[in-house]
Amino acid sequence: IFVPCPHPEQLLVNSINRHQYLGKWFFKAAVSNREADISKFKMFDNIVFTMDDTANTTLVLTGNMRM
C-alpha cells in the first residue's frame, strides 16, 4: 500500500547513508491522487533507475524507460 506523504521533507545530504541508495531501482507503477500527475507515465511499461556515486561525492541518477 502506498500512501502520500502529508508533509514531505528534504533530506540533508550529510545526514543519510548515501550508499544505501546506490544501484538499480525498478519501477512498474506510478501512483498519485490526481490523474494529471501520472498521465505522462501511462505509455511506459516499466522504468529502471540507476544511482551512481562519483569521485566528487555527487550522486548521478540515470533513467531508462520502456514503452
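The values are calculated or read from the model by the stated rules, or taken from the named source; none is laboratory data. These figures come from a predicted structure and were not determined experimentally. Cβ atoms come from the backbone with ideal geometry, glycine included; neighbour counts cover every protein chain shown. Surface accessibility is based on the protein's heavy atoms, side chains included, excluding ligands, DNA and RNA. Shrake-Rupley method; radii C 1.70, N 1.55, O 1.52, S 1.80 Å.
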Any idea how far apart F41 and D53 come out in nm if each label point goes 7 Å out from Cα toward Cβ? 2.7
Using the Kirkwood radius over Cα pairs of the stretch 25-67, the Stokes-Einstein translational diffusion coefficient at 25 °C and 0.890 mPa s, in µm²/s and rounded to a whole number, is 206
Once phi is turned into ³J(HN,Hα) by the Karplus curve 6.51 cos²θ - 1.76 cosθ + 1.60 with θ = phi - 60°, what whole-Hz value does each residue of the stretch 22-36 show in order, with x for glycine and proline? 6, x, 9, 10, 9, 10, 10, 8, 10, 10, 7, 6, 10, 4, 4
Total charge of the residues flanking R18 in space, meaning their Cβ is under 15 Å from its Cβ, with Lys and Arg +1 and Asp and Glu -1, is -2
Give me the percent relative contact order of the stretch 17-62, please, defined on Cα pairs under 8 angstrom at least 6 residues apart. 38
For the stretch 18-67, dividing by residue count, accessible area per residue (probe 1.4 Å) in Å² works out to 83
Under a crude label model (7 Å from the Cα following the beta-carbon direction), how far is Q10 from R34 in nanometres? 2.1
